[in-house]
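Accompanying notes for the structure given below.
The values are calculated or read from the model by the stated rules, or taken from the named source; none is laboratory data. Since the structure is predicted, the reported quantities are computational estimates derived from the model, not experimental observations. Positions of Cβ are generated from backbone atoms using ideal geometry, with glycine treated the same way; all protein chains shown enter the neighbour counts.
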């Protein structure tokens, strides 16, 4: 964040204690102020009475301005330790603004209609006058400081309108796409005419209606989770990330330093100004694309034109059974993964439009992979509806990377020359030999979430920007830092080709050492360091493996940050203004 932007933000959220002290002297009305700590330490503020006011780390306390010496607090505010802000009226809610707008529209419509009937004026000049009056009222809301709460509530309306528009478009896709496919694919007009005379046609028509309900319900469920989950306010998320940055980065001491170092990232993640809105910035197109892909997939999976023939006697359950094909079961597998992934994001509060971009690409990629597998297996004599083929296609939708690797391994048995096998082995190396699931606590859903942020393997996690992951994901900070800590130890203690077996990492895990900071701490606390280094066997005539690993860990970019995170925070109390004046 630039110095000009920070100055503007500070001017909008803080006040000059000297100016406020003068205002208090001129009035008898009690003035409330918020004293906010800008450092991860307790502040002990001197008051005009006998006691002292204690502010928790990064917390705030609301007090009467007459109980503190605001003139002396200027030193703390200039140092970036304390923020003094005047308490304003409670902001008007968006619901109240909507009620006011609806009431204003009704009143204006009634006034225009009454004026048109009782006077000779035409409606057009009246409407023009009303538009001019609304423009003047909008300018007044933006310019008059007393109407600031109304202005803040109005600024949240576009975000809610955008969410409502996206929800409406998604609902239109969910209802219109399967409705059109089933209407024309099942020849609903013909079934309607036949249903008036034949019972079988009526049952078939009911089956088509049940299909429509199933397609709509199944397609809407993952998308509906995005619109109904309780989002946290941007201001709350920003404060939580700020606390984690203080704990992770030992080089920042005040909120002013965080704004200077990470302000641009914070603005991109949570908006340019701290606000009470709950909507994340960014595009919503991935949600609509995923909705179309899910709806089309379910419509094609349940579409059976033969079942729409009223001359065939079919049970109702058979009308809503998916078609037994590889592509259909691959879609079902991808949908199974989508449900679990979106549910985890719903529970964790990490459901973003980017998640639905992964949903769409996974479904399309899984179906393409299933088509390929079906053609290959049919070439060796396997039937299209074979149980093994359908199971393989379902797994391709859930874990497509694993299926591809197994497919490449199986293809080595169909070649006879060494050159062809070397080509297959070379192609197999295009997939990650060290996936994120090698680390403790990461499953396929966590791996997919990290993949959304460009983290594809263990090495990528060890050297990725941890602050960026904290900003862009809702993975708990403690768990995320632990994964990075594991990844750093993993890349230094395992063989890049085959990390399994009795590697240094394996020996350390046997002794309860699972992270890089665990290794450093255990070595520092060891009484017999030579015996500690012999935990991992070393080849004869070479330096101890653990000694080399410890030296290599010192050069890691994030090792100091991880050590600072795991250190026990000291309880520091700063006396204001005495402690700052002494400095």
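Structure notes:
- Taking the criterion of being touching a residue at least 12 places away in the same chain (Cβ under 8 Å) and over 19 Å from residue 220 (Cα atoms), the residues of region 179-194 that qualify are 185, 186, 187, 188, 191, 192, 194.
- Assessment of region 22-31 against the conditions (more than 31 Å from the chain's Cα centre (by Cα), part of a loop (DSSP other than H, G, I, E, B) and modelled with pLDDT of 55 or more) yields at least one matching residue.
- Unique match (being within 41 Å of the chain's Cα centre (by Cα) and at pLDDT 80 or above) among 88, 42, 52, 46: 42
Conditions (1) under 29 Å from residue 39 (Cβ atoms); (2) within 31 Å of the chain's Cα centre (by Cα); (3) surrounded by fewer than 17 Cβ atoms within 10 Å (Cβ to Cβ), marked per residue:
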site: 511; (1), (2), (3): no, no, yes
site: 515; (1), (2), (3): yes, yes, no
site: 532; (1), (2), (3): no, no, no
site: 539; (1), (2), (3): no, no, yes
site: 549; (1), (2), (3): no, no, no
site: 557; (1), (2), (3): yes, yes, yes
site: 563; (1), (2), (3): yes, yes, yes
site: 567; (1), (2), (3): yes, yes, yes
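A quick yes/no check of all residues on (1) at pLDDT 85 or above; (2) surrounded by fewer than 16 Cβ atoms within 10 Å (Cβ to Cβ); (3) part of a helix (DSSP H, G or I):
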site	(1), (2), (3)
181	no, no, yes
189	no, yes, yes
193	no, yes, yes
197	no, yes, no
205	no, no, yes
210	no, yes, yes
213	yes, yes, yes
217	yes, yes, yes
225	yes, no, yes
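- Applying the criterion of being part of a loop (DSSP other than H, G, I, E, B) and at pLDDT below 90 to the residues of region 436-454, the residue that is nearest to residue 520 (Cα to Cα) is 443.
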